[in-house]
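Below: the structure, in structure tokens.
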Amino acid sequence: MKVLLVNSYYYPEMVGGTEYFVKRLAEALVSTGNSVSVLCLGNGNSVETINGVKVFRYKPALGRYVDFANERMLIRNMICKLVNRIYNPFDLSKLFHILETIKPDVVHSNGLMDISASLWQICKKLNISILHTYHDYNFLCPRGTLISKRTNEICTGPNLLCRLYRCYNRELSRRIDIVTAPSNFVLSAFQKERYLPVNNGYVVSNAINIDMDYTECLIERRSEKIMDKDYLTFVFLGQLGAHKGIKWLLDSFAEVNNSKIVLRIAGKGKLSGLVSEFTKKDSRIIYEGYLSETQVAELLKECDVLIAPSIWEEPFGLIVIEAYKYGLPVIATNRGAFPEIVINEKTGTIIDAGSLSSLRDCIVRYSDDRRIVHGMLTNIASHLKSFSLDEQTSKYIELYKYLLSKELPGRC
């Protein structure tokens, strides 16, 4: 089977979780004997093979709007952003040529920022079936967060421009044959807005490479040591932005009067300066900066509990699964998909988003009673198995085969 995965970026340009998803899936599909190509943006037109995956990069006519942050180019930046996000007519011939060259059986589109949904139009002209994965809310919300710019709170209702934006994207989505999403929460959000083909929406959880023997070994070691550790170390990993709840986390941690706890923070973003300020005031808080994958793995091995304090509707939360992989329970908010992947009081704790007392009291409870962490360790390994890359890959292969045979699969 010839599968073409489409995403705005691809390795080594790893912008976020979607890029890791595409890379892992592409290489897993190759390992199962499929012919896999990736179509993405680049600084020039090129073709290369990476770990068995043929990568087609092309330079968009207007450039990538993220390259035009200079205020003197504000108008051009806005035009690029509008065209690349809504509909890009300037790259149609280039995309058409690449798809004709690859001749895929199935196109699996993902993040289409800077490429735009004009890709779907070309697929239909070439009679190629389309599976699209909604990893986020970019087709629902121009800001991509479902958070109001005016109030910095979750949007309770779209304004006129946002309604027009949704209406346009809803019409574009009718070209898709199958939709998947990483969580029931995201799938339901698009179902509610009538974006999905009738009965053709499936939840396929995000996944990671898992060595269960290694994870079980780590958990066993943690179980032996957790009760006797001098310090309990909490960790935050991710973008240092307001929607990720980093200020709320810092304020809550500062209210905990316990010298035997540590908070390690890794990531980058607009609030990195705020994090640095808190490290000067509180020696228990350590800012690690931005870390590579290898460095993140080492950090997780050294910590005891992950805190995921997002105040936006988290589409999935891959960092939660990464934490499980290294045997960490997770304190997460009741936003988005977190309640689907954190089993309350089994693999972690679900708390009320934005509540200072809720997060503070949870940190106190974990630090005062190590038996809470110890008890959760036994549940993590069995829960983690459902997020294996093998399981995710087999589900997508089943859906690709459906697109070719039109034999409806069971719910993923």
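Only residues that are surrounded by fewer than 21 Cβ atoms within 10 Å (Cβ to Cβ) and in contact with an Asp or Glu (Cβ under 7 Å, 6 or more places away or on another chain): list them for segment 173-199, please.
184, 185, 197, listed by residue number.
Could you check segment 153-172 and list, in sequence order, the residues that are surrounded by 16 or more Cβ atoms within 10 Å (Cβ to Cβ) and in a helix (DSSP H, G or I)?
Passing the criteria: 162, 165, 166, 169, 170, 172.
Just to be sure before I move on: is residue 150 surrounded by fewer than 17 Cβ atoms within 10 Å (Cβ to Cβ), outside any helix (DSSP H, G or I) and either modelled with pLDDT under 80 or of a type in the set (Asp, Glu) (or both) in the structure I sent? Walk me through how you get there before you give the answer.
On the way: surrounded by fewer than 17 Cβ atoms within 10 Å (Cβ to Cβ): yes; outside any helix (DSSP H, G or I): yes; either modelled with pLDDT under 80 or of a type in the set (Asp, Glu) (or both): yes.
Yes.
Considering only segment 1-17, state which residues are surrounded by 16 or more Cβ atoms within 10 Å (Cβ to Cβ) and at pLDDT below 90.
17
Determine whether segment 4-15 contains at least one residue that is outside the structural domain of residue 320 (by TED's automatic domain parsing), assigned to a loop (DSSP other than H, G, I, E, B) and in contact with a Phe, Trp or Tyr (Cβ under 6 Å, 6 or more places away or on another chain).
yes
Among the residues of segment 125-162, write down those that are at negative phi, of a type in the set (S, T, N, Q) and without any contact (Cβ under 8 Å) to a residue 12 or more places away in the chain.
148, 151, 156, 159, listed by residue number.
Output the strands (runs of 3 or more DSSP E) that fall wholly within segment 197-280 and possess 1 or more residues being free of Cβ contacts under 8 Å to residues at least 40 places away in the same chain and over 30 Å from residue 129 (Cα atoms), or say none. First the steps, then the outcome.
Numbers: elements: 201-203, 232-237, 261-266.
Of the strands (runs of 3 or more DSSP E) lying wholly inside segment 197-280, those with at least 1 residues that are free of Cβ contacts under 8 Å to residues at least 40 places away in the same chain and over 30 Å from residue 129 (Cα atoms) span 261-266.
The values are calculated or read from the model by the stated rules, or taken from the named source; none is laboratory data. Model, not experiment: these values are computed from the prediction. Cβ sites come from the backbone with ideal geometry, for glycine too, and all protein chains shown count toward neighbours.
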